[in-house]
Structures are given as structure tokens and as C-alpha cells.
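Notes for the one structure printed next.
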Amino acid sequence: MPETQSSPHTHTNTSTKADTLPASVISSSTSQEIYDVVVVGAGPIGLATAIGLRKRGIENVLVIDQTRAFRQVGQTLDLLPNGLKALKYLDPNAYEEVKNTGLGLLNPKQSNEQETVESTQKQQPPKASPQWVYKNLHGEIINSISLSFDDWFKDYGEGRVSISWYNLQTTLRQLLPPDLVKANHRCINVVNESEKGCVRIDCVGDTGIEVNPYAYWTDGQKNNEMQPQSSDIPPQELATKSIRAKLIVAADGINSTVRRLLYTDTQYHDFARPEYSGFAAIFCREITEVPKELWTKLEEDFFQGSTLITITNDEKSGNSVCINNIRIILYYRPTGELGYIIHLALPLDSLQGKSESSLINLALQELEKAGFPDTLKQLVRMSPPANMQQRPYYIHPASILDSVQVSNPTDLNPEANSATIPPAWSVGRIVLVGDAAHGMPPFMAQGANQGLEDALVVTTLIAKIAEENNWNDMQAIAKAFEKYESLRRPLMAYVQEATLKRSPHSSDKEWHDYSQQIYRRNFDQVIEAL
């Protein structure tokens, strides 16, 4: 498939010098210790990177994060075969801990028979099915994906685990010595200190964190009230701590501060922040009281014994371009609450400033236009406004063609188009991984999984730098990070294209091709290529 080939920009522009980093805004420095690696971001990808580095003998590592405390945030995510394989290569013990945590908490094959019996006495389908079923508007099955670890293992040589973001973070964090993970360190500046052979990160600890407009659900107009705000004190006047490292791995998410600092005042300023993907979600946390008649209709037409279904205006066909389709994911909990998430293409301004009631009306309007049945519109009308949330999805494009409209890709001149070609994922001693490099909507559940692949590749290459004592060889460092990018970017371009078109679910052939290419990845070959 053409999108898996190397992009034409891997990479004449990776030679951006580290001395182009923004000048320091902080004159004071508080520590002379130089870490081998500082990881910015204590989410699952940053923590997995630190674990992988320590497994490879690099123990002089620090992980910093702007959060004031580690608390229960984030949604449930799916670790699929490629992500679990990458984690196993990073550290087999981390793999076992994560797998056991996920299977113990959320995997459907652990269902309790007594709970199932009790659930039949409520207004629910009688038995939980370990399938995620995709149906068309007539209730006909388009596709069905097993939720069982064992089924995935049989098909792809590795399983599938559902785990909450917080439980994944906590499981990984507990595998690191507590003093190596520092909360309340908000990065405000990165400065190349070539004379010391390192990069300096200036951090502040304060009572607020920056609002992340790119990766969180918001409650209609409550957005500005609900999220913690930045401190009113200018960063320069807060107590500053400076941390030095030979290498920095930026795993600080789609709203990456490090990425912003690297690119804001350069020709790549348009790529400093993520761009709107064109897709958004409207979410109702729960509807507690569904009339029996409506519930019966939903069960007969759609649920039919499942607990998790996607209903879409896709049809099973060879047409892989489904840009304007709508998908509504319906789910119910063992306690009886029903909820939904609607994924749809929307102009960004149609979401901004909308009240919770307006979100319900917007959802109904879009479902009506797409010809969704009255049963589903009736359910949406019952949504309690207080339970409504919305989220635009953003992206850091991995592919040049996602960002530049050209009639003939071979006409592209990297010099002439340098301002419109996505920048390299590294500058000098700093490398971006995970969502900081290539964040995207979650439709194919590959955000965390691809981040774990990044972590594996980057830790392997850094271990080689350490083994050959090339910490001060900028050419060796640049070559290593270029190798990381040349290996990872073409695959990410493919994954992002599949994500935005959401095509693999539309035909058996596309799903087979996608799943073979992504889930059956041979990591022995990946390591060998490094």
C-alpha cells in the first residue's frame, strides 16, 4: 500500500541544529547534576520509556510531569497486540503486570455468572458477550470484533487488554523507584547548553496547570470553570528549577510543551500545536431511566445480547472513504446505566461555546441528516443535559500529504515547501514520542499502542548511544533519531490515514490488510533494523 512507503521528507530537514532552541528566559540554575535521560511526561508512554531505559542499564533517568498529583483521570484504553508486544520487548515484567491488571479489572472473560443472572432481572440483555459488534442502521451486523484476550492471542500471537488510563499509569509508575518520577514540574523552557554537553529544562511548580484544550472532554460552557487554570503569576517570577540531561524524551502528550518550545519561533510554527482533525465526539455519560418500551426496542433492533455496539451509516462495501460517516457507540454497565458516544465530522465552531442542551440538539440534527432510526434519536432526546460532554479531536499529521494539497507529490521541493512540511520529530538532543509526535483521534485505538512502539525504538537506540559512549557525539545522536523517525513515520502515516478514513471496518479485505500489517508486526525485525 503506497501510504506505507517512506515519506519523501525522511529527512532532509532533520539537521536542525540544537542551537536554534529558544534563548533562555531564566538566568538562575539550581542543579549541576546531569541525567543521562530526562523524560518529560509521566503518562504511560513516558513511564514505559523510563522502564525500558532502566531495563537496558541506563539508570540515571528522571521522569517529570506538570500534574500536581497523580489522580484518577483519563478514559479506558485498549492495549492491542502490537502495543503489548512492544511493551513485552521493553520489559517482560512490565508486560506481565499490565496484562494482569487489565485482565483482572476489565476483561469481559472474567465476567461473574451470578452478576449475569442478576442482570437478566433488570431491563438489560441477558448475557454479556465478549464481542464489539458493528451494525448498520437496520441492525444488520457489518463486523464483529472479539474482546477476548485469548481470541486475539490466537489470531495475532498476542492478546488484547482493556485498562483505564489511570490504572495503566499507576501500574507502570509502581515499577519505577518513587524518587525517579517527579510531579509538579511544569516545563517552561528548554535550552541547549552545548558547552556542558546537555540540554537544560527549566520547570516551575505552582498551584495550577495549563489547560489542555486538545485532549479532554468538556462539559459544554462549563469548560472554563471546570478545568484548573494556569497560575496568574508569570512563569519567570515563580520558583524555577533547572534540570539538565544529555538527552530529553518528550512524551508530554498532544499538547506537548516541548514541541511548542521547539517549533513556535521557527519556520515550523504552524506545527507547534495540533490541528483540528475535522472529527469530534458528543458523549452522554449515562441515562439511568430508559422506558421499558424503548429498551425492548433497542434490545430487539441493536443490542441483541451485546453490551457494546457501534451503529453506523457505513455499509459493507469496497469504498474505503467514509469521511462523513457517523458512528454512535452504545454501551451499558452491569449496574444498568446506558451511555453513548457519537463520533462525527463537524466544523470546529459548531462545538465551541455550546451548552449541554445545545449538544443534544446538535447530535439530533446530525443523526436526522444521516437517516438514523427514531429509536436512537429518542434515546438521545432523553439525555440528561448535566451528563453531556463534547470533545474535538486533534492531530499532529505524520504525513506530508495530510498537510499539503499537491497535485503531484514528486513535484515537492523540501526547500521550497519547508514551512508546510511537518518538522522532524527531533531537534539536537531532544526527541518527541507518542502523541507529542503524532497524536490523533482514537478511532482505531492506536494512540497508546503506537506510543509504546515509539518507546521501544527510542530506548533501543538510546541504549546503543550509551553502549558506544556517544553521549557527546551529536552526529551519532542525530543519526539515531533519524533512524527512529524513518522507521516510525511511514507506519504512523498509514495508521493516521486509516484512523481518519476509519476504513478498515468497512470491508473484510481492508480489515484483514490493516490487522495483518498492524497487529502482526514482527518486533524481532524491528529491533534488527535498528
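The values are calculated or read from the model by the stated rules, or taken from the named source; none is laboratory data. Computed from a predicted model, the values in this text were never measured in an experiment. We place every Cβ from the backbone using ideal geometry, glycine too, and count neighbours over all the protein chains shown. Side chains are part of the model used for accessible areas, which takes the heavy atoms of the whole protein and leaves out ligands, DNA and RNA. Shrake-Rupley method; radii C 1.70, N 1.55, O 1.52, S 1.80 Å.
Would you mind finding the one in Ala69, Ala48 that is out of contact with any Pro (no Cβ under 7 Å at 6 or more places or on another chain), open to solvent by less than 20 Å² (accessible area, probe 1.4 Å) and either aliphatic (A, V, I, L, M) or farther than 30 Å from Lys154 by Cβ (or both)?
Values: Ala69 fails: open to solvent by less than 20 Å² (accessible area, probe 1.4 Å).
Going through Ala69, Ala48 in turn, the sole match is Ala48.
Going through Ile462, Ile477 one at a time, which residue ends up being in contact with an Asp or Glu (Cβ under 9 Å, 6 or more places away or on another chain), under 21 Å from Val40 (Cα atoms) and part of a helix (DSSP H, G or I)? Write out each step before concluding.
Details: Ile477 fails: in contact with an Asp or Glu (Cβ under 9 Å, 6 or more places away or on another chain).
Unique residue meeting the criteria: Ile462.
Could you say whether any residue in the range 163-179 is over 20 Å from Met444 (Cβ atoms), modelled with pLDDT under 90, part of a helix (DSSP H, G or I) and touching a Ser or Thr at 6+ places or on another chain (Cβ under 8 Å)?
No, every residue in the range 163-179 fails to be over 20 Å from Met444 (Cβ atoms), modelled with pLDDT under 90, part of a helix (DSSP H, G or I) and touching a Ser or Thr at 6+ places or on another chain (Cβ under 8 Å).
How about the range 27-145: which helices (runs of 4 or more DSSP H) wholly inside it have at least 3 residues that are modelled with pLDDT of 85 or more, under 21 Å from the mean Cα position of the chain (by Cα) and more than 30 Å from Tyr331 (Cβ to Cβ)?
Those helices (runs of 4 or more DSSP H) span 44-55.
I'd like to check something: does the range 431-452 contain any residue that is without any contact (Cβ under 8 Å) to a residue 12 or more places away in the chain, in a helix (DSSP H, G or I) and of a type outside the set (Lys, Arg)?
Looking for residues that are without any contact (Cβ under 8 Å) to a residue 12 or more places away in the chain, in a helix (DSSP H, G or I) and of a type outside the set (Lys, Arg), one finds none in the range 431-452, hence no.
Is it true that some residue in the range 472-484 is of a type in the set (Asp, Glu), over 19 Å from Lys55 (Cα atoms) and touching a Ser or Thr at 6+ places or on another chain (Cβ under 6 Å)? Show your work before the answer.
Going residue by residue through the range 472-484, those that are of a type in the set (Asp, Glu) are 473, 482.
Okay, now just the ones that are also over 19 Å from Lys55 (Cα atoms), so 473, 482.
If we keep only those that are touching a Ser or Thr at 6+ places or on another chain (Cβ under 6 Å) as well, we get 482.
Yes, because at least one residue in the range 472-484 is of a type in the set (Asp, Glu), over 19 Å from Lys55 (Cα atoms) and touching a Ser or Thr at 6+ places or on another chain (Cβ under 6 Å).
For Asn189, state whether it is at pLDDT below 85 and closer than 28 Å to Tyr394 by Cβ. Even if it seems obvious, please write down each step before you answer.
Details: at pLDDT below 85: no; closer than 28 Å to Tyr394 by Cβ: yes.
So Asn189 fails the test.
Tell me yes or no: at least one residue of the range 371-393 is among the charged types (D, E, K, R), open to solvent by less than 40 Å² (accessible area, probe 1.4 Å) and within 25 Å of the chain's Cα centre (by Cα). Before the answer, list the steps.
Within the range 371-393, the subset among the charged types (D, E, K, R) is 374, 377, 381, 391.
Narrowing further to those that are open to solvent by less than 40 Å² (accessible area, probe 1.4 Å): 377.
Retained after the next criterion (residues that are within 25 Å of the chain's Cα centre (by Cα)): none.
No - not one qualifying residue is present in the range 371-393.
Phe271 is checked against (1) at pLDDT below 90; (2) of a type in the set (Phe, Trp, Tyr); (3) touching a helix residue (DSSP H, G or I) at 6+ places or on another chain (Cβ under 6 Å) and fails just one. What number does that condition carry?
Only one criterion in (1) at pLDDT below 90; (2) of a type in the set (Phe, Trp, Tyr); (3) touching a helix residue (DSSP H, G or I) at 6+ places or on another chain (Cβ under 6 Å) is unmet by Phe271, namely (1).
Six or more apart or on different chains, Cβ atoms under 8 Å: show the pairs whose first residue is in the range 499-521 and of a type in the set (Lys, Arg) and whose second is open to solvent by 40 Å² or more (accessible area, probe 1.4 Å) and at pLDDT 85 or above.
Pairs that qualify, where the first residue is of a type in the set (Lys, Arg) and the partner is open to solvent by 40 Å² or more (accessible area, probe 1.4 Å) and at pLDDT 85 or above, are Arg520/Gly157.
Yes/no matrix, rows are residues, columns are (1) surrounded by 15 or more Cβ atoms within 10 Å (Cβ to Cβ); (2) touching a Cys at 6+ places or on another chain (Cβ under 9 Å); (3) basic (Lys, Arg):
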site: Pro442; (1), (2), (3): yes, no, no
site: Gly451; (1), (2), (3): yes, no, no
site: Ala480; (1), (2), (3): yes, no, no
site: Leu487; (1), (2), (3): yes, no, no
site: Met492; (1), (2), (3): yes, no, no
site: Leu500; (1), (2), (3): yes, no, no
site: Asp508; (1), (2), (3): no, no, no
site: Arg521; (1), (2), (3): yes, no, yes
site: Asp524; (1), (2), (3): no, no, no
